[in-house]
Amino acid sequence: MLDILSLLDITFFLLAALGALVGIVFGAIPGMTATMAVAVCLPLTYALGLNHGLALLLGLYVGGISGGMVPAVLLNIPGTPSSITTTFDGFPMAQKGEGERALRVCVVASLVGGLISAAVLFLFAPLLAEFSIKFSYVEKFLIILLALTVIASMSRNMLVGIFSGVLGIWLSLIGTYSISDGGNGHTRLMFDFLEPYLFEGFSLLPVLIGIFGIATILLEAEEGIKGGLGGKHVKFGKGGGFSFGIFKGRLTNLVRSSFIGTFVGMLPGVGGSAASVLAYTQEKNLSRDSDEMGKGAPQGLIASESANNALTGGALIPLLSLGIPGDSTTAVLIGAFTLQGIQVGPLFIPENADTWYVMMTALVFANIVMFFLMFYAIKHIAKVVLVPKYILYPIIVMMCVVGAYAINYGIMFDVWTLLIFGVLGYLIQKVGLEVAPLIIGFILGGQAEIYFVKSLESAGSYGIFFTKSPIAVVLWGLIAASVAFSVIMSLKSRAHRRMESPQ
């Protein structure tokens, strides 16, 4: 324990607090997200070192998720996709002059959700990691295959999601077919003139920063050109009236929604919107005054925001124990470990116990800082929704370019990668493809190939994937259930659209 305490200096806590503040600002500005905050600041972690870098990134993660409540309540615009249900009751309260009261309810619910998810992460991630150490190459391949099947269910259109994921896998295979990974050492899927630059494929971090940073700015710039900016003002009114007594009789909702958010966060690819919608729907079904929900009811805010922030710990569980990102933000967090030469997965917690405890400390501290920053300074923080984007976005573009250039010690092709994937991210969203499946495919595609080839090398037959190993049997069952769930949800969605379409 003394070794852990020696790592927690004043710089560590200052960086976690700074990350939470910057994350809140990113989350509070419509169009900017926690994922974008983490992606843009990721290159800074190389100079900071692993522990300090993780303190900054986890602060950004917690702050970015929490900050989404500000435009949701005051502007009726979800700051993050997972704060969509916050608009249902938050904005009606703001229209009544109770904006400050609504935001403080959200802040308290966010703190409880974040701390409960951190406790679940601390208790269950090591157990899951210890169990998954027993996995052979076959089980590791099946785990990644399970994660890839989730791509279909996380998309609005199953076929579009699958195509996006396959595109991501294809992009991940560009480069050298490494001999150490079972390949022949030849380059593939590229033009000859690109071979010197793509010998090792596209660098992960410029890809992430381009898709989540540059692409977002291009989309927002287009909205600005169309006249979508400006014209909205923050008004709190005089009806603050917050007291902690508002949670009396609503603790069950608070705890239940926190566990729902944590559980959904543990499911790779499901996303924050599903967690908040599920928690909100559950409260609406069980609440005695459910008729008030949607008209400015505090219990709606409690359900939405506690589930929303509980995602932070939940999504880290599959990342740290299995190496599978729980959402797009934790996918970007893989880049932080990559920069430091650490691979997340079953061996991460046993082999990096100090880093594990440092992460838990940073996560809890970031939630506490988020609470005090937003609870006592909410009037001032809320004004960030008025920052002109024509001032903000050029600064972010500059940070993206400098960060991409510095990642691999000044390789100019990384800047081109940033710009290429920024434009690609913009185009795929304009044509209706899905960003999250593409990124998950890009991150997991290379690993899937390695484990697939290694499994065949050890057995020489495809039958190795259908052995009587109990773990493999369970994983095949989960894969089948995931595929069936995706198909059922796709059919239901198609039927719903058909019913809503005019005859």
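The values are calculated or read from the model by the stated rules, or taken from the named source; none is laboratory data. Since the model is a prediction, treat every value here as computed from it, not as a measurement. Please note: Cβ atoms are built from the backbone with ideal geometry, for glycine as well, and neighbour counts cover all protein chains shown. To get the accessible areas, we keep the full protein, side chains included, count just its heavy atoms, and leave off ligands, DNA and RNA. Shrake-Rupley method; radii C 1.70, N 1.55, O 1.52, S 1.80 Å.
Worth a mention:
- In this rough spin-label picture, where each label sits 7 Å from Cα along the Cβ direction, the Val483-Leu173 distance is 1.9 nm.
- Placed amide H near Ile324: partners under 5 Å, 5+ positions off or other chain: Leu319
- In this label model, Ser243 and Lys383 are separated by 3.0 nm, measuring between points 7 Å along each Cα→Cβ vector.
- Inter-label distance for Ala495 and Glu351, nm, one decimal - labels placed 7 Å from Cα along Cα-to-Cβ: 4.8 nm
- Based on Cα contacts under 8 Å between residues 6+ apart, the stretch 291-362 shows a relative contact order of 21 percent.
- Here the calculated FRET efficiency for Ile411 and Lys295, from their Cβ-Cβ distance with R0 = 56 Å, stands at 0.50, rounded to the nearest 0.05.
- A 1.4 Å probe, protein heavy atoms only, puts the accessible area of Lys134 near 150 Å².
- Once the chain from Gln343 to Glu457 is taken as fully extended at 0.36 nm per residue, the excess over their C-alpha distance is 38.8 nm.
- If you sort Trp476, Trp416 by accessible surface, 1.4 Å probe, largest first, the order is Trp416, Trp476.
- Length gained when the stretch Tyr376-Lys430 is fully extended (0.36 nm per residue, less Cα-Cα span): 15.4 nm
- Annotation: amide H of Gly175 within the under-5 Å range of Arg188, sequence separation 5 or more or interchain, hydrogens built in the peptide plane.
- If you wrap the Cα atoms of the stretch 315-452 in a convex hull and average its projected area over all directions, you get 11.5 nm².
- Short-range pairs are left out: with C-alpha atoms under 8 Å and at least six residues apart, the relative contact order of the stretch 310-454 is 19 percent.
- Karplus (6.51, -1.76, 1.60) ³J(HN,Hα), θ = phi - 60°, over the stretch 415-432, in Hz, Gly and Pro reported as x: 5, 5, 4, 4, 5, 4, 6, x, 5, 4, x, 5, 5, 5, 6, 5, 8, x
- Scalar couplings 3J(HN,Hα) for the stretch 8-18, obtained by applying the Karplus form with A = 6.51, B = -1.76, C = 1.60 to θ = phi - 60°, are 9, 8, 5, 4, 4, 6, 5, 5, 5, 5, 4 Hz; x denotes Gly and Pro.
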